[in-house]
Every structure is written in C-alpha cells, then in structure tokens.
1. Name every residue in region B:153-184 that is within 14 Å of another protein chain (Cβ to nearest Cβ), out of contact with any Gly (no Cβ under 6 Å at 6 or more places or on another chain) and among the hydrophobic types (A, V, I, L, M, F, W, C), in order of residue number.
2. When A:SER51 is evaluated against the numbered criteria (1) more than 14 Å from chain B (Cβ to nearest Cβ); (2) touching a strand residue (DSSP E or B) at 6+ places or on another chain (Cβ under 6 Å); (3) among the polar types (S, T, N, Q), which criterion, by number, is the only one it fails?
3. Condition first: over 14 Å from B:GLY9 (Cβ atoms) and in a loop (DSSP other than H, G, I, E, B). Now tell me which residues in region B:95-106 satisfy that.
4. State which residue pairs qualify: first residue more than 12 Å from chain A (Cβ to nearest Cβ) and in contact (Cβ under 8 Å) with a residue 12 or more places away in the chain and inside region B:27-46, second residue part of a loop (DSSP other than H, G, I, E, B) and of a type in the set (Val, Ile, Thr) in any location, beta carbons under 7 Å apart, and separation of 6 or more residues or different chains.
5. Select from region B:267-281 the residues that are buried (at least 21 other Cβ atoms within 10 Å of the Cβ) and either in a strand (DSSP E or B) or basic (Lys, Arg) (or both) and list them in ascending order.
6. Check B:CYS83 against each of (1) touching a residue at least 40 places away in the same chain (Cβ under 8 Å); (2) in contact with a Lys or Arg (Cβ under 7 Å, 6 or more places away or on another chain); (3) not acidic (Asp, Glu) and name the one condition it does not meet.
Amino acid sequence: METINILFCGTGGQGILTAAEVVALAAMYDGYHVKKSEVHGMAQRGGSVESHVRIGEKVFSPIIEAGQTDYLLSFEKGEHDRMACMLKQNGTDLFNEFVKAGKLISNPKFVNTYMLGVLAKHLSISNESWQKAMKESIKPQYLDKNIEVFMLGNKK
Amino acid sequence: MNNYKLLSGNEALAQGAYEAGVKFAASYPGTPATDILEYFTQFKEVDAQWAINEKVAFEVALGASFAGVRSIYSSKHVGVNVCMDPLMTATYSGINAGFVIVTGDDPGMHSSQNEQDNRLIAKFAKIPLLEPSSPAEAKKLIKLAFEISERFDTPVLFRITTRIAHTKENVEVGTRVEVNDKPFEKNPAKYVMVPANAYKKHINLEEKLIKLQEFSNNLQENSIEIKDKKLGIVCDSVSYLYVKETYPDASVLKLTMTFPFADAKIKEFASKVENIVVVEESEPFIEEHILQMGIKCKGKHYTYRVGELNPESVRDIVEGKPKTNYPKPARKPVLCPGCPHRATFVALRKTKVTVAGDIGCYTLGATPPLSALHTTVCMGSSVTIMGSLTGILGSDKAVAVIGDSTFCHSGVEGLINCAYNKVKGVIIILDNGTTAMTGAQPNPATGITAKGEQTKKLDLEKLCMACGADIVEVIDSSCSSIENKIKELTATNKLCVLIVRYSLCKMIDRTKKPAPKVIADKCKKCYMCITVDCPAIVKDENGNIKLDNNLCAGCNVCAEQCKFGALETTK
C-alpha cells in the first residue's frame, strides 16, 4: 500500500497531540508501520502545534513532504491557512468538518475525538483498534464520552 | 508474539539502555532530551537522578561507571557545553563499566538558543560517535554503544536530534539482560589524570582511535546500498530517511558510526558510484572529511547549514540549490494562563529597568507586548551579566531574572561572584518550585527527587544570605506590589535577592479560580488588559475584549490593569 500522510495542526490545548497518538496507535495495532512526528514544548503555551502521522508498510521520513498530505486536520483558521500548502492536489481538507464540530459539540475538549471519528471514515483501520487506542490514550473517566463523540463523527 | 510499543526516540533509546543492563542515569532537563531520564525513573533497577547541572550529571554518571555499573548521561546539545570539562579528560582516563553520553541536538532551534552540531565534539574529544536515524534504530544502537564503550575503554557519544527524539514509531520491546558489576580497582595511572599519567593515556588514546577506525570500517551499520550508480548519496542520522524518501533509487552510504570515519567504506562507495553528494544536517562534518580524503564530492549550499532538513530540501541539495524555503512564522508561544511569572513581567515593564534574563519560561517575557527581558545567553548568565550592567550603568539600572531551577544550575556561582566583587544590584528569583519550561521536573529547591521521593529541600533564602547577599526578601507572586518592591530594592544600592514565590506552577497545579467577568459597558477599549500577553484574553474581530473561560486560570493580572472596572473579579 501507498503510505498515508495525515497532518494535524492547531494551537496548544486543543488535544491535537492526543488525537495524533490515537491514530498512530490504532494503525500500529492493525499491523501497519507508523511514524508520528511532532515537536512538543510549546503546546501548553498557546504556540503552534503540528503532528505528522505517516502510516504504511515501511515508512521512511518522519515528516510529510510539502504537497503530499492526504488528510489535513486543522483546528484553527490561521494554522489551517499556514499549513494548507502541505495538502496534496487531490488531498482531503477536513477543515469544514472541524467548523461543523464546533457547532455540534458543546465541550471543545471533545472536538479532537469527533475529528478522529470523521477521519476514521477515510481510513481502513479496524473499529477494534480504534477502541483499543482510545482506551490506551484517554483517561478512564473520559473514555465513554470520547467513544460516544467518536461514533458521532464516524456516522454516515 | 513480539511485543511492539509506539515509542519516541528518547523512550526507545532509554528502553534499549535499560535492556542493556544500565544501572545509573543522570541528566539535567532540556528539550529535546528531557524524557530520556524521565523514562528511566519507572525502573527500580536504575538509579535515575536529576543533577543540578550537566557538569555534575556527567561526573556522577562517570563516577558510577568507575564504580562498576553501566551508566548513561543525557542532555540537550548546549548541556554538553556545560560538561565539556570532565568530558575532555574522561576520554583520556577511559571508563570502567560502559558509559554512554547522549546528546540531543536541536537543528531548527525548536526550543534552544543555538543549533550547534555536537558531532564535532566527537572529533574534538576523540571519542566514538553513533547516530541512529529513527527510534527503532536508536533502541538497537544504544546496546552497541555500551559494547563499544567496554571493548575500547572509552565513553561513547550517542547523538540524536529533535526530529528523532520526538518521533514515535513501532519499537520492539525486549527484556533486560543483567550485566555483572565490574570491580573498581585502585589504578592511579588510569584514574589520576596528572600530566605524567595523562601523557601516557594520550598516546594510548591515539592508538585506540586507529583501532576504532578499523572497527568502524567493518561495522555493518555503516552500510552501502548500490542502486543507480550515477547518484551516490552519503548521509547520516535522520537525513538518511529523507534521502530514502526522496531518492529511493539512489545508491546510498549510510554512516551510523560517524567518528572515527569508516574510510574504507567511503573509498569503496566512491569506487562504485559516479557522483557523490553528501546530505547531512547542520555543519559540513562528513563533507569536509571526504574532501580531506581527496575524494570528489558535492555538499550542501551553505544556506542549508541553518535549520532542519526535510524530504524536499534533499532535492535542493542534490541539485546544488540554495535554501529558499524558510519556515513560515508560527504563533508565538506565551506564558501559560495563570503563570506566576506574568505579574512580575508586567511590573518589570513598568519599572523600565534593563532586565538580564536567563534560560527558562521567562524568555517568553522578551517579546511584545511584555518586552520586559533584554538579554538571554545561557544558563546562569542573568546574574553575572546583571553584575556588569549595574557596575557600569548604575546599581538601579538593571536587575537579573532567573528561575529556581536555573539558579540551582549555575546562578548561585554568579551570586557568590557578585558578593565577592562587591556588586550592587537586584537578583529576582522566580521561584515556582519546578523546572517549568521542560514540563515540570523537580529540583533541589523542590525537595523531591527524580523518582518522586522526598529529599533534603534547599533553602534558597539561607543559601543567598550565605553567598553574601545584603538583603533577601520573599514576596508572593500574586502580589500587586511587586513593582514597588522592585523599585524599593533597586534604590538601596545593595546586593539584593528578591524571591518571587508561588507555591505551585500552573504546569503542575491545574486548579483554577473563577475568571473575571467582562463588563462591556465600562470598557473604554484601551486594551491595557491584553498587554499582559495572556492567551485567555483577546480582542475579537469587532475590537471587543473576549475572555476564554476554558483557558483562564483566574489570576486576575489582566483585571488589575483595567482602570475602568470593565473586568470584574469574582471572589
């Protein structure tokens, strides 16, 4: 299979790093080779946050080449515009889904999981692995609610 | 079934070292290397310690090797500068049990003051250098590092970069293999580096390097892949992965042991390909060596010595083009909402004194609108630079600002020096009880060890008095009179220490107080409230003040700036 490139971007505190961790884990549980690259440190201080997730049989570069992103998940308008050049010509920009999520989900803390649900519709990762990955990366007291929101994003 | 985990480069190398029987680990926090030591703290078999600084970390780790257990030092690249003194002589004395020095370089300066290339230290210090390209490779390679260390009686430099340290991938996790402790034998000729002994050890070291080069020549990890003979690329570290991505059909010489250079492999590769291009981040370290060997090769344009490489820049390098694609300006980081430093910087801005800053979260006070920090060089330099600024410009013209962890690291020496050399001036210790910039690690003033155990707590007030400060005062960081206190102390013409204390930093303490309420009718749109540079309070597209209740921690520093009562504090 061709390597799939997923780029998350936004600002500190939006749960971007957690979302990227969940996809990466889920893909690994399904037997794919995964590389996930990000630079932390500034996330808690409101700075820009980006995470590159690459899934395939054998992944080399930890970062996505400009213009090669299959799925762009932006959590903020300014960051979306800054990173739009990373998208492939026929790549999928999920920013409209993010805007929709803002209206649909009352607690902004769960928007990241909603977006994972949306992303899951495009990827061939088993539901079992998604569940296992969420269980691994999300605090037990928030797990049920997150799974619920994930399913909401995953609808249709 | 194999046990795979999604591990970062830092975690993978620490896991590898654990499996290799490491019993001692020491470090000082610094991005991108902090989580190496943090990973070791989970193992009861490993004595994992935060040291007060990198020189001390290096020496205690070297001491553990002398005492007979496998030992590891880790820090960020500039941390290695701090331990250069013991490092340069440990290469002469050699080790007892295996000793590995991990350097986390930061090309692109994601969180550093420079982007020095620590591969050059291997040549300068005459020690073997290993460089993995990925987390999975780091895990395997660290075991080899310990074997080389013991086989050749030398510390081994193990270099990763931010991109490797913070990338995660599937890594196979295995079990620990215990290694027998090596008895320590009194041997002055080896362990006492006085001139007569060191002279012999230097002769021995030069011979060792020849043997290490033979080893490097035969090491399968220095690997040749022949495909298209028209293009031969020599690369190391993460650059290898970018090359594989962008030029999958090129012939490649991957150098994994980058010092001593595998000259035989380089010659063999040169004989098999028509053109050689060197793809490496930072300095032209490999390129210069190949040219020195009399082999024709093309390196990168000098503009590519700046910043990180990526898959597309490899194409520029092969085509001989200069760097044109500089990173787009991203959102600047700011102090966390509720950060105890914010009130001090708002006060400092009003006093208009020159502020000698240091390394830590407070560098975030340098940019507008706070603009209240005017020098930053290296760890501890606030106190010393303040000493000269006040000496030359006047004792009320400058102050030093330093955090509690940085003060313990190397600020205290500056204070002793100030007292000894009769400096008058104010040192402000921002004591949030943690090492916040790197994610809240404990330090001596916290009174908790790396493993979370209670220990002797350093008393900063007594320490500063003992160093020779004339006045030591403590003030609460939430106090609105910090400004007056700074003015009062700068006017004393004495050596003063003002400890601005907060019981818990927001990095640890996530409890919040109620956010102030915006009373829109009273707002005159002077925007003084947003000059505190807090992400929780912003101007919306219509010019109205908006407070984000999710982010706000209720510190009320913004409300204190409002003269019109438009930000109502809720008690």
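1. B:VAL171, B:VAL173
2. Unmet condition: (1).
3. B:ILE95, B:ASN96, B:ALA97, B:GLY98
4. Listed by first residue and then by second, the contacts come to B:PHE40/B:VAL46; B:VAL46/B:VAL22.
5. B:ILE276, B:VAL277, B:VAL278, B:VAL279 - these are the residues of region B:267-281 that are buried (at least 21 other Cβ atoms within 10 Å of the Cβ) and either in a strand (DSSP E or B) or basic (Lys, Arg) (or both).
6. Of the numbered conditions (1) touching a residue at least 40 places away in the same chain (Cβ under 8 Å); (2) in contact with a Lys or Arg (Cβ under 7 Å, 6 or more places away or on another chain); (3) not acidic (Asp, Glu), the odd one out for B:CYS83 is (1).
Condition check ((1) at pLDDT below 95; (2) within 9 Å of chain A (Cβ to nearest Cβ); (3) touching a helix residue (DSSP H, G or I) at 6+ places or on another chain (Cβ under 7 Å)) across all residues:
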site: B:TYR302; (1), (2), (3): no, no, no
site: B:GLY320; (1), (2), (3): no, no, no
site: B:LYS328; (1), (2), (3): yes, yes, yes
site: B:PRO333; (1), (2), (3): yes, yes, yes
site: B:CYS336; (1), (2), (3): yes, yes, yes
site: B:PRO340; (1), (2), (3): yes, no, no
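This table checks each residue for (1) at the interface with another protein chain (Cβ under 8 Å from one of its Cβ atoms); (2) over 22 Å from B:GLY9 (Cβ atoms).
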{"residue": "A:THR18", "(1), (2)": "no, no"}
{"residue": "A:GLU21", "(1), (2)": "yes, no"}
{"residue": "A:ALA27", "(1), (2)": "no, no"}
{"residue": "A:LYS35", "(1), (2)": "yes, no"}
{"residue": "A:VAL59", "(1), (2)": "yes, no"}
{"residue": "A:GLU65", "(1), (2)": "yes, no"}
{"residue": "A:TYR71", "(1), (2)": "no, yes"}
{"residue": "A:GLY91", "(1), (2)": "no, yes"}
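The values are calculated or read from the model by the stated rules, or taken from the named source; none is laboratory data. Owing to the predicted nature of the structure, the values given are computational and were not obtained by experimental measurement. In this analysis, Cβ positions are derived from the backbone assuming ideal geometry, glycine residues included, and neighbour counts consider all displayed protein chains.
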